[in-house]
Amino acid sequence: MRNTIKMKNNILFNLWIFFSPRRKYQLFILIFLSIVSGVMEIVSLASIIPFLTYLLNPNDIYKFKNKLIFHELLSFINSENIILASSILLFFVIIISTLIRLISLKYSNLLASKIGIDLSVSSFRNNLNDDYEIHIARNSSEMISTNTFRIEQTVAGLNSILGIITSSTVAIFIFISLIYINFKISIITLIIFSFSYYFLAIKTKKRLTLNSGIISQSNENSVKIVQEGFGSIKDIIINNSHEFYINKFKNIDSRLRYKQAENAFLSTYPKYPLESISIITIVFIALIYSTNNKINYEIITTLSVFALGGQKLLPLIQSIYFNWSSARSRIEDIKIVLRSIKYKKNREYSSIQNKSKEPKIFNKKIELRNVFFKYKENRENTLEKINLTINKGEKIGIIGETGCGKSTLLDILMGLLEPSSGELLIDNKLINKKNKLLLNSWHQSIAHVPQNIYLQDISFKENIAFGSTLENINQSSIINAAKIANIHNLIKSTENGYDTKIGERGTKFSGGQVQRIAIARALYKKSNILFLDEATSALDKITEKQILKRIMNLDNELTIIIITHRFSTISDCDRIYKVENREIKAVKNFNPDLFNE
């Protein structure tokens with residue numbers, strides 16, 4: 001029980017810490033609107049009394065005028081028009097009360113959506129800013145679920161929390177007004193409703209929490225199976241395994257939908273028995289007064305006001321319960337989103353990025369000194385005792401068997417992975433996560449063509465000028481990079497040239513064409529060091545030779561590091577290294593004809 005309370009407090013505390021000063025201010029405005037709405041509910045109930053009293057028996061008005069808040073206001077009106085005046089007053093108060101409630105509701109929903117934007121952007125920013133090693137170890141379906149479904153669930157949960165605040169505030173004011181009218185009946189009503197909802201909450205709390213975890217995990221699994229299905233579509237068609245994936249998706253989705261339906265029922269069902277209980281309570285009280293011969297106009301007026309007050313109070317109490325159960329049913333998603341935010345880390349990283357105006361570094365050499373590296377999930381080192389010096393302007397080739405650690409070595413050189421021990425130095429400056437300004441400057445200095453190339457469903461020029469807005473794209477630089485990468489003619493042959501959309505992942509183009517687009521992207525950056533990781537593996541030898549010759553002749557000071565399985569690719573390199581047995585060794589007197597392609 002203590003752990004549960006602690007968990008709730010932590011969630012609310014973390015949400016409060018996450019709120020910007022502007023959001024906290026807006027939350028106080030919402031509370032103020034709720035208080036005004038509660039006051040207007042008191043006024044609306046108070047205005048009912050003179051109306052009913054004048055209507056039932058105008059002569060008894062003076063017997064309990066101390067309870068008629070608006071009696072003095074209406075006393076100067078002619079007795080023949082008193083009913084009309086009290087009706088107009090009641091009509092006016094109800095309209096104003098309703099308008100304020102609507103304004104409060106709209107503001108609450110708007111505030112929840114604004115907080116949702118903050119959460120969504122912060123979560124996405126934090127995921128993008130995570131270390132590269134975290135990215136390669138994390139399942140993409142988890143990130144997609146967090147930044148889509150779980151954000152939506154968290155926003156719904158926040159809306160529920162805000163709903164509890166507004167409904168509770170208004171309910172308290174209504175109950176205070178009922179206490180003022182009749183203390184005994186109010187206390188009886190409070191005990192009955194409180195006990196009923198408390199009993200129902202105890203019964204449903206565990207089930208809601210359990211379902212919350214199942215829904216959250218099922219949604220992630222659903223995203224995962226969709227990714228697997230569309231990502232393996234060729235194999236699915238060839239193996240005729242459509243039904244296997246459909247059934248797998250159906251099982252996951254069915255569990256998700258059933259638990260959502262169960263939570264929806266658990267959140268709403270108390271409304272119906274409690275409506276019956278409220279009516280029975282009013283009838284029971286009236287019956288007691290009747291058997292004691294105490295029925296009079298005052299009692300009828302009081303019971304009528306309580307009936308109206310109950311009509312207003314019951315939906316509010318149901319709203320509090322519904323919002324509580326709704327928030328409870330989303331607690332796992334809220335916890336995961338809060339864990340993904342790490343708000344302070346985001347703010348520090350962003351401020352560092354914005355302040356980073358250092359020029360591109362690397363004027364002399366790159367060094368790896370006694371570098372060891374091990375992935376967190378592995379027991380053994382991937383690389384050991386790596387010592388390497390690359391001078392500016394050199395063309396370096398790196399070969400080795402599949403899985404020997406070539407790409408890992410490249411990631412360390414690019415500052416994407418930090419050595420488990422040892423150092424990466426650029427011009428004798430240590431590059432690591434602690435000096436983010438220097439690390440960011442190093443990233444600005446390099447260009448990279450990876451093994452796995454991701455092309456966006458945007459135009460050729462936007463893909464080549466990766467990360468640049470349309471107004472900042474230099475068209476002549478785009479064309480020049482495309483020509484060097486031998487992709488210009490293909491682009492010009494398409495319907496809209498450089499404005500033609502590529503399509504998702506570039507599936508309309510061959511592997512070699514996709515690689516040439518990626519090479520053009522790297523060249524457009526105009527960096528002084530270029531990393532090529534199997535960048536020409538899908539090209540024929542003639543095209544590869546033409547492209548590499550153009551790249552090699554671009555600038556004598558351009559440093560190029562090439563990883564390849566095709567040894568003819570590195571025949572013109574100044575030095576060649578081989579990664580073997582976790583170490584790197586220089587290859588002397590390299591002859592590509594001695595190696596099997």
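A 1.4 Å probe run over region 469-560, with the rest of the protein chains in place, finds 52 Å² accessible per residue.
Between R255 and Y198, what is the FRET efficiency for a Förster distance of 41 Å, r being their Cβ-Cβ separation, to the nearest 0.05? After rounding, the FRET efficiency stands at 0.85. In this simple spin-label approximation, V226 and S20 carry label points 7 Å from Cα along the Cα→Cβ vector, and these lie 3.0 nm apart. In region 480-597, the portion of solvent-accessible area held by carbon and sulfur atoms comes to 43 percent [1.4 Å probe, whole percent, DNA, RNA and ligands not counted]. What the Cβ-Cβ distance of L102 and E142 gives, at R0 = 30 Å and to the nearest 0.05, is a FRET efficiency of 0.15. Annotation note: trypsin sites (Lys or Arg not before Pro) in region 93-175 located in DSSP loop regions with a Cβ neighbour count of at most 13 within 10 Å are R138. Shown here: region 458-565, whose C-alpha atoms stretch 33, 28, 20 Å along the first, second and third principal axes, sorted largest to smallest. Projected label points at I94 and I246, each 7 Å from Cα along the beta carbon direction, are separated by 5.6 nanometres. Shown here for region 466-532: GluC sites (Glu not before Pro) in loop regions (DSSP other than H, G, I, E, B) with at most 13 other Cβ atoms within 10 Å, namely E495.
Rounded if a/c is under 1.5, else prolate if a/b beats b/c, else oblate: with a ≥ b ≥ c from the C-alpha gyration tensor eigenvalues square-rooted, which is region 359-459? Rounded, because the longest to shortest axis ratio a/c is under 1.5. Cross-link pairs exceeding 27 Å in C-alpha to C-alpha distance, out of K224/K433; K374/K433; K205/K335; K335/K374; K224/K259; K395/K434, comprise K224/K433; K335/K374; K395/K434.
Taking every protein chain into account, the accessible area of region 118-197 amounts to 43 square angstrom per residue (probe 1.4 Å). Length available on full extension from I29 to N391: 0.36 nm per residue minus the Cα-Cα distance, which gives 124.1 nm.
The GluC sites (Glu not before Pro) of region 357-412 that meet both conditions, a loop assignment by DSSP and at most 10 other Cβ atoms within 10 Å of the site Cβ, are E377, E380. Taken per residue, the accessible surface of region 367-434 reaches 47 Å², heavy atoms only and a 1.4 Å probe. The HN-Hα couplings worked out from phi for region 18-26 by the Karplus form 6.51 cos²θ - 1.76 cosθ + 1.60 (θ = phi - 60°) are 5, 4, 6, x, 5, 5, 5, 4, 5 Hz, whole numbers, x standing for Gly and Pro. One compactness figure for region 154-255 is 1.90, namely its Cα radius of gyration divided by 2.2 N^0.38 Å.
The values are calculated or read from the model by the stated rules, or taken from the named source; none is laboratory data. Just so it is clear, the model here is predicted, and its values are computed rather than measured. Glycine gets a Cβ as well: all are built from the backbone with ideal geometry, and neighbour counts include every protein chain shown. For the accessible areas, the whole protein counts, side chains as well, though only heavy atoms, and no ligand, DNA or RNA atoms are used. Shrake-Rupley method; radii C 1.70, N 1.55, O 1.52, S 1.80 Å.
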